[in-house]
Amino acid sequence: MYVPKAFAVDDPGVAHDIIAACGLGVIAAVDGARPVVGYAPIALERTKGKLGAVSFHLAKGNRLAEVLAQGADVTISVMAENAYISPDWYVSADMVPTWNYVAAEIEGRARLLSAEELSRQVDAVSAVHEARLLPKTPWTSAKMSAKRRAGLLTMLSGFEVEIVRLTAKRKLSQNRSDEDVAALVRGLEARGDAASLAIAALMKRD
């Protein structure tokens, strides 16, 4: 990921926060000379290794799962808040359209999880997201029959990636004047959709 200095995130803890907030990862590896991409919810372990680790699961029939099972190097991209920025919103003239966003990128090598580890990983992912639905009573796999759960687990491959490189970026118009940023915030708030409002809140300067 290209990260100009103005947008760089140097604190691994902030990068971890971005990953944890996103939930879904875009997972990429190389199959021979061909890139293979998949999508999966990811669970973050902040304290494992030097930079943390993430785990996820894929359907066994997914070609990406077959590639990762061989111990392939992997890149995982996560995108958090993001929204379009119209040049008409700036105070300054001669501006162009752009996109503001918060993202993180993970690099490491995939390790195939054991059946026991996969079972824990599946539960860990659901626990994270069910907790965000409180006060609803969280769903757990205990609500499934043992036979049904065991059958579904046989259809999955789980993986862990210990992070060897962690990059994060907050592109929030930090390179623009206070006047321009205030105008962009007004434009985003006037648009009013959830994504625009989320970026506007991050861009506001005290």
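Give me the residue from the stretch 158-181 that is more than 24 Å from His16 (Cα to Cα) and touching a Lys or Arg at 6+ places or on another chain (Cβ under 8 Å) and, out of that set, surrounded by the most Cβ atoms within 10 Å (Cβ to Cβ).
Among those that are more than 24 Å from His16 (Cα to Cα) and touching a Lys or Arg at 6+ places or on another chain (Cβ under 8 Å), it is Val181.
For Tyr101, state whether it is at pLDDT 95 or above, crowded, with 17+ Cβ neighbours inside 10 Å and not acidic (Asp, Glu). Step through it out loud before you land on a result.
Details: at pLDDT 95 or above: yes; crowded, with 17+ Cβ neighbours inside 10 Å: yes; not acidic (Asp, Glu): yes.
In short, yes.
Does Gly151 fit the bill of being more than 21 Å from the chain's Cα centre (by Cα), at positive phi and not aliphatic (A, V, I, L, M)?
On the way: more than 21 Å from the chain's Cα centre (by Cα): yes; at positive phi: no; not aliphatic (A, V, I, L, M): yes.
Taking the combined requirement at face value, the residue does not satisfy it.
For the stretch 121-128, does any single residue satisfy the condition of being touching a Leu at 6+ places or on another chain (Cβ under 8 Å), modelled with pLDDT of 95 or more and surrounded by 10 or more Cβ atoms within 10 Å (Cβ to Cβ)?
Our first condition is that a residue be touching a Leu at 6+ places or on another chain (Cβ under 8 Å); within the stretch 121-128, this holds for 121-122.
Those still in the list that are modelled with pLDDT of 95 or more too: 121-122.
Now narrow it down to the ones that are surrounded by 10 or more Cβ atoms within 10 Å (Cβ to Cβ): 121-122.
Scanning the stretch 121-128 turns up at least one residue that is touching a Leu at 6+ places or on another chain (Cβ under 8 Å), modelled with pLDDT of 95 or more and surrounded by 10 or more Cβ atoms within 10 Å (Cβ to Cβ).
Those residues that are touching a residue at least 24 places away in the same chain (Cβ under 8 Å) and of a type in the set (Gly, Ala, Ser), I need them from the stretch 135-181; list them, please.
Answer for the stretch 135-181, where residues must be touching a residue at least 24 places away in the same chain (Cβ under 8 Å) and of a type in the set (Gly, Ala, Ser): Ser157, Gly158, Ala168, Ser173, Ser177.
Rundown of residues vs (1) closer than 21 Å to Gly158 by Cα; (2) surrounded by 12 or more Cβ atoms within 10 Å (Cβ to Cβ), yes/no style:
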position	(1), (2)
Val3	no, yes
Gly32	no, no
Ala40	yes, yes
Thr47	yes, no
Asn62	yes, yes
Ser86	no, yes
Glu105	yes, yes
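Only one of (1) surrounded by 17 or more Cβ atoms within 10 Å (Cβ to Cβ); (2) in contact with a Phe, Trp or Tyr (Cβ under 9 Å, 6 or more places away or on another chain); (3) among the hydrophobic types (A, V, I, L, M, F, W, C) is not met by Val78, so which one is it?
Unmet condition: (2).
Name the residues in the stretch 67-114 that are within 18 Å of Ser55 (Cα to Cα), free of Cβ contacts under 8 Å to residues at least 60 places away in the same chain and over 13 Å from the mean Cα position of the chain (by Cα), would you?
Val67, Gln70, Gly71, Ala72, Asp73, Gly108, Arg109, Arg111, Leu112, Leu113, Ser114
From the list Ala33, Ala53, Ala28, exactly one residue is of a type in the set (Gly, Ala, Ser), over 18 Å from Leu118 (Cα atoms) and under 14 Å from the mean Cα position of the chain (by Cα). Which is it?
Ala28
The values are calculated or read from the model by the stated rules, or taken from the named source; none is laboratory data. Since the model is a prediction, treat every value here as computed from it, not as a measurement. As a convention, Cβ positions derive from the backbone with ideal geometry for all residues, glycine included, and neighbour counts pool all protein chains shown.
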